[in-house]
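These notes are about the structure you will find just below.
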Amino acid sequence: MDSAAATEGEPASENVPPAAPPAPGDSDDRDELASAIPAVGEDTPLAKALADNARRRIHLTGRQFPKPARPRVITVSNQKGGVGKTTTTVNIAAALAQSGLRVLVIDLDPQGNASTALGIDHHAEVPSIYDVLVDGTPLLDVVQPCSAVPNLHCAPATIDLAGAEIELVSLVARESRLQKAILAAATAGHDFDYVLIDCPPSLGLLTVNAMVAATEVFIPIQCEYYALEGLSQLLKNIDLIKLHLNPDLHVSTILLTMYDGRTRLSAQVADEVREHFPNEVLRTTVPRSVRVSEAPSFGETVMTYDPGSSGALAYLEAAGELADRGAARDA
Ligand code: ADP
Ligand code: MG
């Protein structure tokens, strides 16, 4: 067996070394490199897409994102299922971590999809976010490192969490148990720059806990016909939590996902969302991409599974916008 064949058999993540951090003032070099890619006519769409991706990749990979002044706690919420919450949480988290920041993903969905996508062990006996919420186990005791991405950690969800929604009802301070756990972890000296919480598709006590713990809500919106349906209910709930439980909570970020450039519908939905939320919607949209949907079955994010794919580039771009906007607010 020759060495090329041996390499091909390895998981994608091992083929792709993390990009080296850029040298200071390297943006001129990047511009020069990107402009060296020959221009391709509009009549060869595939070649054009490849050339565009290569240029974007040169600009994006290896960039170090600014560190926020304080840890940002962001809940990724939308009570609709299948809109890309989990996909967005894990890929934004991986992109931030690959760009030099320390990131914790809290999996708050009993389905444990975020834990799976990050390759984190979450069978029934593993200490998990359930123990944190229900038994008061310290958060840092259940956190596991994500082996494919340095600086990325996850507090997993196990099947136990399915019962938490009901068990929490009778507990003291049932809405603020996650908030207390994150604050206690900060006191214990956690050094995460970003804490991203992946919510279940409901507005129950788990989601309420996420919204009390966070200061920012990040809403992924699928570019489909019913995208805006249910959004007003979500916004109403956010207002209620702001009023009664967490005055700092606000929608900071909206990301348009599963964008299909071939349909008028995707463009219409995107326009409508941008019109309603001009300040919150990120410029980047995430395209519908097979590579994005394949990655979780390998226990990976698309950021390591296929870092050059259009989906990975979009998530890297979106994560850069999220970090830059935070830095602009800090300034
Ligand atoms: P949620 O957490 O909101 O329920 P998921 O992130 O699990 O949504 O996404 C729902 C489904 O859509 C999953 O099968 C996922 O792989 C797929 N998906 C998400 N984003 C994309 C994308 N950009 N391109 C293709 N498939 C996607
Ligand atoms: Mg999910």
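The values are calculated or read from the model by the stated rules, or taken from the named source; none is laboratory data. Keep in mind that this is a model prediction, so the values were computed, not measured. Quick reminder, even Gly has a Cβ in these numbers, built from the backbone with ideal geometry, and neighbours come from all protein chains shown. To get the accessible areas, we keep the full protein, side chains included, count just its heavy atoms, and leave off ligands, DNA and RNA. Shrake-Rupley method; radii C 1.70, N 1.55, O 1.52, S 1.80 Å.
Give, as a single signed number, the net charge of other residues whose beta carbon lies under 10 Å from the beta carbon of residue 192, with Lys and Arg counted +1 and Asp and Glu -1.
0
When the convex hull of the Cα atoms of the range 169-276 is projected onto a plane and the area is averaged over all directions, what value comes out in nm²?
Numbers: hull surface 32.6 nm².
Its Cα hull, projected and averaged over all orientations, spans 8.2 nm².
Grab the DSSP H runs of the chain that are 4 residues or longer, score each as -39,500 (n - 2.57), total them, divide by all residues and round the 222 nm result to the nearest 500 deg cm²/dmol.
Calculated mean residue ellipticity at 222 nm is -12000 deg cm²/dmol.
Which residues does the label zone of residue 263 cover in the range 220-251, counting backbone N under 14 Å from a point 7 Å along Cα→Cβ?
Answer for the range 220-251: 222-228.
How much length is gained if the chain between residue 325 and residue 183 is pulled fully straight, taking 0.36 nm per residue apart and subtracting their Cα-Cα distance, in nm to one decimal? Please report the intermediate quantities before stating the final value.
Numbers: separation 142, 0.36 × 142 = 51.12 nm, distance 2.38 nm.
The span from residue 325 to residue 183 would gain 48.7 nm if fully extended.
Just by accessible area at a 1.4 angstrom probe, what is the order of 180, 48 from largest to smallest?
Numbers: 180 120, 48 55 Å².
Largest to smallest exposure gives the sequence 180, 48.
Which of the aspartates and glutamates could be linked to residue 67 by a straight reach, that is with a Cα gap under 14 Å, when you skip same-chain ones fewer than 8 residues away?
191, 193, 321, 324, 330
Cα gyration tensor of the range 95-194, axes a ≥ b ≥ c as square roots of the eigenvalues: rounded (a/c below 1.5), prolate (a/b > b/c) or oblate?
Working: a/c = 2.31, a/b = 1.37, b/c = 1.69.
Because a/c hits 1.5 or more and a/b fails to exceed b/c, the range 95-194 counts as oblate.
Tell me, in nm to one decimal, what length is gained between residue 202 and residue 121 on full extension, where the rule is 0.36 nm per residue of separation less the Cα-Cα distance? It would help to have the intermediate numbers written out before the result.
On the way: separation 81, 0.36 × 81 = 29.16 nm, distance 2.45 nm.
Gain on extension, residue 202 to residue 121, equals 26.7 nm.
For the range 183-238, what does the equivalent ellipsoid look like in terms of its semi-axes, each the square root of 5 times an eigenvalue of the Cα gyration tensor, given largest first in whole Å? List each step's numbers first, then the result.
Values: eigenvalues 150, 33, 15 Å².
The answer is 27, 13, 9 Å, longest axis first.
Classify the range 259-299 as rounded, prolate or oblate, taking a ≥ b ≥ c as the square roots of the eigenvalues of its Cα gyration tensor: rounded when a/c is under 1.5, otherwise prolate if a/b is larger than b/c and oblate if not.
Numbers: a/c = 4.05, a/b = 1.84, b/c = 2.20.
Here the range 259-299 falls in the oblate category.
Can you bin every Cα-Cα distance in the chain into 20 Å intervals starting at zero and give me the percent of pairs per bin, rounded to whole numbers?
Reading the bins upward from 0: 31, 58, 11, 0.
Using a 7 Å offset from the Cα along the Cα-to-Cβ direction at both residue 172 and residue 50, what is the distance between the two label points in nm, to one decimal?
According to this spin-label approximation, the distance is 6.5 nm.
Go through 111, 220, 159 and say which Cα lies farthest out towards the positive end of the charge dipole of the chain; charges sit on Cβ, +1 for Lys and Arg, -1 for Asp and Glu.
Toward the positive end, the furthest listed residue is 220.
What's the extension gain from residue 291 to residue 251 if we count 0.36 nm per residue and subtract their Cα-Cα distance? Don't jump to the answer; show the numbers that get you there.
Numbers: separation 40, 0.36 × 40 = 14.40 nm, distance 2.87 nm.
Going from the current span to full extension adds 11.5 nm.
Per residue, how much accessible area does the range 116-166 have with a 1.4 Å probe, in Å²? Walk me through the numbers before you get to the answer.
Numbers: 2160 Å² over 51 residues.
Averaged over the residues of the range 116-166, the accessible area is 42 Å².
Among DSSP beta bridges lying fully in the chain, give the percent that are antiparallel, nearest 5.
Values: 2 of 29 bridges.
Of all bridge pairs located within the chain, approximately 5 percent are antiparallel.
Residues of the range 184-331: accessible area per residue at 1.4 Å, in Å²?
Working: 6360 Å² over 148 residues.
That works out to 43 Å² per residue.
If contacts are Cα pairs under 8 angstrom and at least 6 residues apart, what is the relative contact order of the chain in percent?
Details: 617 pairs, mean separation 74.7, N = 331.
Computed over the chain, the figure is 23 percent.
Please work out the C-alpha center-to-center distance from the range 106-129 to the range 267-306 and express it in whole Å.
What the calculation gives is 22 Å, centre to centre.
Which of rounded, prolate or oblate describes the range 76-147 when judged by the alpha-carbon gyration tensor and an a/c cut-off of 1.5? Kindly include the intermediate steps, with their values, before the conclusion.
On the way: a/c = 1.78, a/b = 1.21, b/c = 1.48.
It comes out oblate by the Cα gyration axes.
For the range 101-170, give the percent of accessible area contributed by carbon and sulfur heavy atoms, probe 1.4 Å, rounded to a whole number.
The nonpolar share, carbon plus sulfur, comes to 54 percent.
Provide the convex hull volume over Cα atoms per residue for the range 260-331, in Å³.
Spread over its residues, the Cα hull of the range 260-331 gives 99 Å³ apiece.
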